[in-house]
Amino acid sequence: MKVLFVCTESHPFIKIGGLGDVAYALPKALRKMGVDVRVIIPKYSDISSNFKTKMKHIDSFNVKVAWRNQYCGLEYLEYSGIPYYFVDNEYYFKRDGIYGFYDDGERFAYFCDAVIESIKHMGDFKPDVIHCNDWHTGMIPVFMKDNSIKTVFTIHNLKYQGVFGKEILGDILGLSDEYFSENKLKYYDGISFMKGGINYADLVTTVSNSYAKEIKTPYYGEGLHGLLENRGAKFLGVVNGIDYDVFNPKDDKEIYFNYNINHLDNKLRNKIELQRELKLPVNRDIPMIGIVSRLVKQKGLDLIAEVIEELLGMDIQIVVLGTGEMHYEDLIQYYSYIYPSKISSNIYFSNEMAKKIYASCDMFLMPSLFEPCGIGQLIAQRYGTLPIVRETGGLKETVLPFNKYTRKGTGFSFKNYNSRELIKTIKNAVSVYKDKKLWKEIMQQVMEKDNSWQNSAKTYKEIYKNLIYN
Ligand code: GLC
């Protein structure tokens with residue numbers, strides 16, 4: 001079975017968010033199950049030259065974007081047993097950054113065309129299935145004319161749809177008016193890549209079951225709930241996992257001390273080291289809450305802002321890592337000046353620091369407004385750090401709220417997007433934390449939970465199989 005996995009980011013080459021983790025970990029898990037899956041991404045200038053110099057040039061050819069011919073170089077590199085292809089075009093991809101340019105519509109329309117053209121240049125690798133991810137790849141199912149190749153389209157975040165003016169994009173895409181009159185691409189007055197993917201793919205998935213349910217309702221559906229509902233059984237949720245080799249407290253080289261479910265003392269030693277490194281008071285008994293996140297509205301930063309003073313009045317420590325919207329960055333910085341013994345602000349991103357935080361903290365805060373799946377809570381659980389989340393999307397699906405009567409749970413959660421519920425939940429977690437024996441019991445439950453890709457990769461393999469043979 002041959003699958004071409006198309007994405008605009010992938011660990012370890014280029015990563016903005018969870019999408020980049022998925023585009024590495026899922027193909028890796030599928031390959032272990034005998035699927036010949038290969039990944040294709042653009043060759044951005046931000047990819048480290050360490051990788052670029054190792055890439056092998058496979059072919060160069062022209063790609064037709066509407067009436068123009070654009071250059072495409074196809075390059076190749078294997079990483080961790082996964083074959084990667086790179087689409088090389090300096091005009092579109094030799095820029096600082098990867099998203100957010102005035103011509104993103106054209107750039108990713110080109111990418112979609114280039115991927116389809118590239119298939120003819122991959123030697124004996126002819127995919128049975130093309131697996132597309134998020135709006136940037138949404139035109140692939142629209143453009144695909146070869147019926148022997150099936151398409152899967154996965155929604156990682158419905159909020160970003162790639163909608164562009166019809167006048168401009170209509171020409172670039174070279175699509176006849178028929179496409180628009182059928183209403184299959186039209187979103188108000190624009191053309192939507194996301195809509196293209198949803199309407200034309202043979203099968204549509206998203207990254208958790210609960211998000212799949214949510215986006216069929218107007219509240220979460222971003223205007224596309226009816227369309228998703230219409231796809232019936234051709235639209236389903238498959239929850240993401242994380243890579244169990246990349247994230248493993250037992251032999252992670254980036255954390256201070258390794259530990260496992262039977263030796264949790266070393267987790268505490270991580271906490272003490274982190275307190276030292278971040279110049280927080282060293283205290284093994286104080287509950288430490290980590291936030292590793294893009295500092296944006298989606299991730300619940302508004303709620304945190306509303307209660308931050310009250311939080312800082314509690315006997316806790318907070319460690320924040322991430323970048324995002326300036327007002328949230330400023331807010332975190334500001335409070336770390338006023339309460340240097342309570343909150344450590346780290347306005348940058350580093351995988352190594354992220355892991356130190358996952359390993360060292362007692363709790364991990366992620367009160368998202370909406371969350372298709374979420375990766376942070378899964379990593380936290382793997383490191384025995386209990387997530388405190390809002391019950392939405394993947395967070396609802398992967399965190400079982402602790403129940404004091406049954407003593408079962410894999411985190412703490414609240415229902416409504418409301419700062420009072422948030423603070424109540426944090427206070428509850430802190431009070432449970434005081435019972436050391438109970439806390440340890442919950443940590444063990446959390447670390448036993450299987451968040452690997454094993455199950456979901458199997459589901460994808462089934463999905464591909466059904467598409468090919470039915
Ligand atoms: C997007 C979503 C996030 C999900 C990730 C990977 O970043 O916002 O919830 O985990 O994609 O699917």
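The values are calculated or read from the model by the stated rules, or taken from the named source; none is laboratory data. This structure is a prediction, so every number in the text was calculated from the model and none was measured. Glycine gets a Cβ as well: all are built from the backbone with ideal geometry, and neighbour counts include every protein chain shown.
Give the residues of segment 336-362 that are touching a residue at least 60 places away in the same chain (Cβ under 8 Å), among the small types (Gly, Ala, Ser) and touching a helix residue (DSSP H, G or I) at 6+ places or on another chain (Cβ under 7 Å), sorted by residue number.
The answer is Ser344, Ala359, Ser360.
Closer than 21 Å to Ser452 by Cα, under 24 Å from the mean Cα position of the chain (by Cα) and among the hydrophobic types (A, V, I, L, M, F, W, C): does that describe Phe108?
Numbers: closer than 21 Å to Ser452 by Cα: no; under 24 Å from the mean Cα position of the chain (by Cα): yes; among the hydrophobic types (A, V, I, L, M, F, W, C): yes.
No; evaluated as a whole, the condition is false for this residue.
Just give me the residues in segment 440-455 being surrounded by 18 or more Cβ atoms within 10 Å (Cβ to Cβ) and not in a loop (DSSP other than H, G, I, E, B), in sequence order. Walk me through how you get there before you give the answer.
The first filter runs over segment 440-455 and keeps only residues surrounded by 18 or more Cβ atoms within 10 Å (Cβ to Cβ), leaving 442-443, 445-447, 451-453.
Result: Ile442, Met443, Gln445, Val446, Met447, Ser452.
List the number of the failed condition for Asn183; all other conditions in (1) in contact with a strand residue (DSSP E or B) (Cβ under 8 Å, 6 or more places away or on another chain); (2) farther than 30 Å from Ala457 by Cβ; (3) not hydroxyl-bearing (Ser, Thr, Tyr) hold.
(1)
Filter segment 249-301 for residues that are among the polar types (S, T, N, Q), in a loop (DSSP other than H, G, I, E, B) and under 30 Å from Phe370 (Cα atoms) and give the result. Explain how you work it out, then say what you get.
Initial filter on segment 249-301 (among the polar types (S, T, N, Q)): 258, 260, 262, 266, 270, 275, 283, 293, 298.
Now drop any that are not in a loop (DSSP other than H, G, I, E, B), which leaves 258, 262, 283, 293.
Of everything in segment 249-301, just one residue is among the polar types (S, T, N, Q), in a loop (DSSP other than H, G, I, E, B) and under 30 Å from Phe370 (Cα atoms), namely Ser293.
Please count how many residues of segment 408-439 are surrounded by fewer than 12 Cβ atoms within 10 Å (Cβ to Cβ) and not in a helix (DSSP H, G or I).
Within segment 408-439, residues that are surrounded by fewer than 12 Cβ atoms within 10 Å (Cβ to Cβ) and not in a helix (DSSP H, G or I) number 2.
Restricting to strands (runs of 3 or more DSSP E) lying wholly in segment 143-230: which have 3 or more residues that are within 16 Å of the ligand (Cβ to nearest atom)?
In segment 143-230, the matching strands (runs of 3 or more DSSP E) lie at 150-155, 203-206.
Determine, yes or no, whether Tyr328 is at pLDDT 95 or above, more than 16 Å from the ligand (Cβ to nearest atom), crowded, with 22+ Cβ neighbours inside 10 Å and aromatic (Phe, Trp, Tyr).
Details: at pLDDT 95 or above: yes; more than 16 Å from the ligand (Cβ to nearest atom): yes; crowded, with 22+ Cβ neighbours inside 10 Å: yes; aromatic (Phe, Trp, Tyr): yes.
The answer is yes for Tyr328.
Search segment 9-23 for residues that are not assigned by TED's automatic domain parsing to the domain that holds Gln377 and part of a loop (DSSP other than H, G, I, E, B) and pair each with any residue that is more than 9 Å from the ligand (Cβ to nearest atom) and of a type in the set (A, V, I, L, M) when their beta-carbon atoms are under 6 Å apart and the residues are at least 6 apart or on different chains.
Listed pairs, sorted by first residue: Phe13/Ile47.
Consider Ser80 carefully, then state whether it is of a type in the set (Ser, Thr, Tyr), under 22 Å from Thr205 (Cβ atoms) and out of contact with any strand residue (DSSP E or B) (no Cβ under 7 Å at 6 or more places or on another chain). Explain how you work it out, then say what you get.
Numbers: of a type in the set (Ser, Thr, Tyr): yes; under 22 Å from Thr205 (Cβ atoms): no; out of contact with any strand residue (DSSP E or B) (no Cβ under 7 Å at 6 or more places or on another chain): yes.
Here the answer is no, as Ser80 does not meet what is asked.
Does segment 6-15 contain at least one residue that is modelled with pLDDT under 95 and within 12 Å of the ligand (Cβ to nearest atom)?
Residues of segment 6-15 modelled with pLDDT under 95: 15.
With the extra rule that they be within 12 Å of the ligand (Cβ to nearest atom), the set shrinks to 15.
Yes, some residue in segment 6-15 is modelled with pLDDT under 95 and within 12 Å of the ligand (Cβ to nearest atom).
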